[in-house]
1. Which of the residues that make up region 42-70 are open to solvent by 80 Å² or more (accessible area, probe 1.4 Å) and either of a type in the set (Ser, Thr, Tyr) or part of a loop (DSSP other than H, G, I, E, B) (or both)?
Amino acid sequence: MKNTAPNNMAFLRRRANLTGRRLSLMIGELPSTISRLESGEIDLEPYQVKVAKAIGCKPEELFAPKLKVK
């Protein structure tokens, strides 16, 4: 059941050249949590600051309109 707004987490993670597993280790969460956050299955907001810090973006970029590769 998806109950969250779309996010840019997967795009930003890949742009930072991180695997889901590496990001999970960086923020102290399970790889399955990363997958569920990226799919919108669970709410990203409680994780927003630590995910943004690990990915190297601003927290608000995670919820910005969909980003496109240039």
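1. 58, 65, 66, 68, 69, 70 - these are the residues of region 42-70 that are open to solvent by 80 Å² or more (accessible area, probe 1.4 Å) and either of a type in the set (Ser, Thr, Tyr) or part of a loop (DSSP other than H, G, I, E, B) (or both).
Residue-wise test of (1) hydroxyl-bearing (Ser, Thr, Tyr); (2) at pLDDT 95 or above; (3) closer than 10 Å to residue 12 by Cα; (4) touching a Lys or Arg at 6+ places or on another chain (Cβ under 8 Å).
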residue: 31; (1), (2), (3), (4): no, yes, no, yes
residue: 40; (1), (2), (3), (4): no, no, no, yes
residue: 44; (1), (2), (3), (4): no, no, no, no
residue: 47; (1), (2), (3), (4): yes, yes, no, no
residue: 53; (1), (2), (3), (4): no, yes, no, no
residue: 58; (1), (2), (3), (4): no, no, no, no
residue: 62; (1), (2), (3), (4): no, no, yes, no
residue: 65; (1), (2), (3), (4): no, no, no, no
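The values are calculated or read from the model by the stated rules, or taken from the named source; none is laboratory data. What you see is a predicted model; the values in this text were computed from it and never measured. Cβ atoms come from the backbone with ideal geometry, glycine included; neighbour counts cover every protein chain shown. SASA here: full protein model, heavy atoms, side chains in, ligands and nucleic acids out. Shrake-Rupley method; radii C 1.70, N 1.55, O 1.52, S 1.80 Å.
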